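Nothing in this text is a laboratory measurement; each read-out follows from the coordinates by a stated rule. Note that the structure is a prediction, hence the values are computed from the model and not measured. Note: ideal-geometry Cβ built from the backbone for every residue, glycine included; neighbour counts use all protein chains shown.
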Amino acid sequence: MNSYDPDHPISKVLGLTRREFFGNAAKGIGSVAMASLLPSWAFGEKDGQVTLGKYHHPPKAKRIIYLFQAGGPAQQDLFDYKPLLNKLHGEPLPESVRHGQRLTVMSANQGVIQLAGSPFKFAQHGQSGAWMSEALPHLSTVADEICFIKSMFTEAINHDPAITFFQTGSQIAGRPSFGSWLSYGLGSMNQDLPAFVVLASVGKGDQPLYARLWGNGFLDSRYQGVRFRAGKEPVLYLSNPDGVCGSGRRAMLDRLSELNRHQYEKELDPEIESRVAQYEMAYRMQTSVPDIMDISKETQETFDLYGPDSKRPGTFAANCLLARRLAQKGVRFIQLYHQGWDQHGDIKGGIGTQCRDTDQPTTALIKDLKRLGMLEDTLIVWGGEFGRTSYSQGSNDPNNFGRDHHPRCFSVFMAGGGCNAGTTYGRTDDYGYNIADASGNPLQPTKEEFTEGAVHVHDLQATILWLMGVDHKRLTFPLQGRDYRLTDVHGHVVQKLMK
């Protein structure tokens, strides 16, 4: 079918096989489609190479640092102050509040679903008067830099689909990750570093992290996230093998590029070009990565700001410092993962440990970016895949109970990057169980229709993209007869989360 037929009309005119003809045609059509995504003024930007063109509208943020807290942080013990839970601790959760919501197998067999107040004290902070737990003494000092969202909701009730949903816009594995979409849409601001870098805290157990969470899915492989690890070899297989010098590696890549070019001319497979691009990126990273990972020139004042763990590679503190360095070098999407927020028991001890790991470094990142003049165009996002229940799992001992998964309402926050700092958006009912309106009446939000005061996962994704200068409805990829996007067929930009 793809062989050269001299009698075929296309062959008579162009001398091309069918594969070559349709491949070239697709490239031309694709270029026109890509150009149509963006206004003509946007192509004049000079801050780096791009994939689809440029921004759909003027961006408020140039880069994202996403601090993903895997496991589901308990909002009632951090940001969502619920004194009624302490007053009614041990009392049954009213059915009028639960509304028959499904429970996980971990709670379904409990005889009584008992309310559980927080073991932590709360106070208001900053001019905004934001309520924050005593477990966050550092973060409370930057309350006026933060935009709290207390009315997030999702459909996923188990970790794997819930994390996958936040990272890819779908509960089913295989879609491109958030960072891959932005890399595809906006490209890189530094040709010597990837547009999308991933950092994960070492020594944290609980729910596993999968490489597909930062994978490219059906997008070109050049858009996948590159994980930087702690240790002598931050990026696997980047160093030259024993006996191979830099000039020898350069000569090998040049010959390999020629071979790949011949193969591309024959097969017209875009992955061949991507393979060449990744080889070249790896070569440039041999110089850029050691430089970015070398924190020896940071001042003692900076280490003190991020905390004692900041000198220990792979800790959350060290990764926050590294994220700032990557942001300075123009990396567009920096994804940090910190596990351990899955407190099915010992809520007080577990939350205390997690906050000791993350509170000071998160605050330091905000302060550091601000003193460098970078907070205005760097968006920080903090949150997990869902929240925790207002009732106890297992024992209702005030100092030794746990909380189960709760997708119906939870909290995340943003800082910098054009978000509406010093504000709180949305609220929950007095039990912290349902999203509520301004009067405290429960809402029944859905992902299909935007409900004022409620934020679905796709709404948050759409809003983050908007802050980055991208219209989530127009950042698409054609596959198998339909256009795919990060937000699937849902998502609404929440204007009140932005300045």
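Numbers below:
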item	result
Phi-based couplings in Hz for the range 98-110 (Karplus 6.51, -1.76, 1.60; Gly and Pro marked x)	5, 6, x, 4, 5, 10, 6, 5, 6, 10, 4, 8, 5
Relative compactness, the range 243-389, computed as alpha-carbon Rg over 2.2 N^0.38 Å	1.43
Unit Cα scatterers, Debye sum, the range 420-499: log10 I(q)/I(0) for q = 0.11, 0.25 Å⁻¹	-0.35, -1.17
Under 12 Å, Cβ to Cβ, from GLN75 - net charge with Lys/Arg +1 and Asp/Glu -1	+4
Helix-only mean residue ellipticity at 222 nm for the chain, each DSSP H run of n ≥ 4 adding -39500 (n - 2.57), per residue, nearest 500	-10000 deg cm²/dmol
The range 387-476 - charge dipole about Cα centre, Lys and Arg +1 at Cβ, Asp and Glu -1, debye rounded to 20	260 debye
Relative contact order, percent, the chain [alpha-carbon distance under 8 Å, six or more residues apart]	25 percent
Inter-centroid distance (Cα atoms) of the range 122-186 relative to the range 256-305, Å	30 Å
Segment ASP488-ARG356, extension gain: residue separation times 0.36 nm, minus the distance between their alpha carbons	43.8 nm
Average silhouette area of the range 357-406, convex hull of alpha-carbon atoms, in square nanometres	5.1 nm²
Cα gyration tensor shape for the range 203-314, rounded if a/c is under 1.5, else prolate or oblate	oblate
Answer label, with Cα extents along the principal axes in Å calculated from the coordinates and candidates (1) 84, 53, 44; (2) 79, 56, 52; (3) 74, 56, 41	(1)
Cα-based reach from LYS370 at 16 Å (exclusive), listing aspartates and glutamates while leaving out same-chain residues under 8 positions away	ASP144, GLU145, GLU301
No Cys partner within the rule (Cβ under 4.7 Å), the chain	CYS245, CYS320, CYS355, CYS409
Stretch gain in nm, segment GLU273-HIS99, where the contour uses 0.36 nm per residue and the Cα spacing is subtracted	57.2 nm
Net dipole in debye of the chain [+1 Lys, Arg Cβ; -1 Asp, Glu Cβ; about Cα centre; nearest 20]	700 debye
Shape call, the range 314-447: gyration tensor on alpha carbons, a/c limit 1.5	oblate
Mean Cβ neighbour count within 10 Å, used as a protection proxy, ranking 313-321, 291-299 highest first	313-321, 291-299
Relative contact order for the range 429-482, counting Cα pairs under 8 Å that sit 6 or more residues apart, in percent	17 percent
Inverse of mean 1/r across different Cα pairs in the range 67-124, Kirkwood, Å	13.3 Å
Quarter of the Cα convex hull surface for the range 329-379, i.e. its orientation-mean projected area (nm²)	4.4 nm²
Mean Cβ count within 10 Å, highest first, over the residues of peptides 164-170, 370-376	164-170, 370-376
The chain: angle of helix 246-267 to the longest principal axis, Cα-based, in degrees nearest 10	80 degrees
Share antiparallel - DSSP beta bridges, the chain, percent rounded to 5	50 percent
Using a Förster distance of 60 Å, the FRET efficiency for LYS297-VAL112 (Cβ separation, nearest 0.05)	0.55
